[in-house]
1. Once you place label points 7 Å from the Cα toward the Cβ at Glu204 and Lys306, how far apart are they in nm?
2. Extension gain Ser18-Ile273, at 0.36 nm per residue separation less the Cα-Cα distance, in nm?
3. ³J(HN,Hα) across the stretch 280-288 via Karplus (A = 6.51, B = -1.76, C = 1.60, θ = phi - 60°), whole Hz, x for Gly/Pro?
4. Just list whichever of Lys156/Lys223; Lys63/Lys88; Lys32/Lys213; Lys32/Lys311; Lys20/Lys177; Lys88/Lys299 have alpha carbons separated by over 30 Å in the model shown.
5. Through the Karplus equation 6.51 cos²θ - 1.76 cosθ + 1.60, θ set to phi - 60°, convert the phi angles of the stretch 58-68 into ³J(HN,Hα) values in whole Hz; use x for Gly and Pro.
6. Cα centroid distance between the stretch 242-276 and the stretch 28-83, in Å?
7. For a quick check: with amide H placed at 1.01 Å from N, whose amide H comes under 5 Å from Lys213's, ignoring anything fewer than 5 positions away on the same chain?
8. What residues have an amide H closer than 5 Å to that of Lys256, excluding those fewer than 5 places away on the same chain, when H is modeled at 1.01 Å from N in the peptide plane?
Amino acid sequence: MTNKFNQNYIYKPKKNLSIKEVVNGVLKADTKVLAQAITMLESKNQKDRLLIYDALSEIPASKEKSFRIGITGSPGVGKSTFIESFGKHLSNLGISVAVLAVDPSSKLNGGSILGDKTRMEELSNLDNVFIRPSPSKGELGGTAEQSYESILLCEKAGFDVILFETVGVGQSETHVKQLVDFFLLLVLAGAGDELQGIKRGIMELADAILVTKADGENIINAKNTKNNYQNASHLLPKKESNWVTRVETCSGTENKGIDKVWDILNEFKKHSINNGWIQENRTKQNVFWFHQKLNQFIKNDFFSRKGIIEKLQKIELEVRNSKIDPFKAANKLFRNES
């Protein structure tokens, strides 16, 4: 299999790319251009983002759509370890993989650890693998603000599989379901009452539940946890895709059960293509992100208006001093009243 992701030509990074450079770079699957295009998407400069939007509209859709897989789980469950083992397994099968990982941002300064390339060192060195961490910047839903566009860029670059790693299990992590075809929930065995520790809403979204770290003395705990989740999954509402949630165990460090996960994913893909659900789901996702982006553009436009930040600070001070109630204050700012 020819590996188009290992480019021989030299690309010299510069501050900004042109639309033509983005289009050509993505079509050639140049990972340096792809990474820089995502950086421009995350820029505070609106012109950078609009340039990428224009480039996206000019890049033709891939003949083969990527299989988009969302991966979530509580901190410490072993998401990065699993993704490295799973990504290497896919790479060995000749499957190209893009890993988009959302790292939590500091609420104090907006900074992010962005350590996934360090945690997945072996995977990041493979020719047909692209890893790009992004800061959440306080976004709810387990996603970054430009996650949808980043996925589209990777798909148009021709990656076979896109693995989307979320911040971690949270109350509002349902946005991830609007990005992917398959939603994989990782859970940890032997960490107390597992079923109490996972939000029911996340379990309802999961197409598969994977009990991690099933190795050594933890194998028995993992099997018991698997049985508990299998019993609980029968109580969940029926999925629109008519898919029954699967439960498996794995060990990323010992590379056990990784092949079973790929078997489940292939079974799901075949099932969902045959009944037309993947295409129907993608259509619903496009409508969802249309509304999300419209709201984002309206918000960005409002706060970019001249003098609006100064007025916001002034009215906020009035709210703090109880000179005006929050509702009237918001209405006053929105109407830009003196």
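1. 4.9
2. Stretched fully, the Ser18-Ile273 segment lengthens by 88.1 nm.
3. Computed from phi, the couplings for the stretch 280-288 are 4, 5, 4, 4, 5, 5, 4, 5, 4 Hz.
4. Lys156/Lys223; Lys32/Lys213; Lys32/Lys311; Lys20/Lys177; Lys88/Lys299
5. 8, 7, x, 5, 5, 5, 10, 6, 5, 8, 9
6. 24
7. Distant-sequence amide H within range of Lys213: Cys250, Gly252.
8. Ser251
Just so you know, all these numbers are worked out from the coordinates, no wet-lab data involved. Because the structure is a prediction, the values reported are computed rather than measured. Every residue, glycine among them, receives a Cβ derived from its backbone with ideal geometry; neighbour counts consider all protein chains shown.
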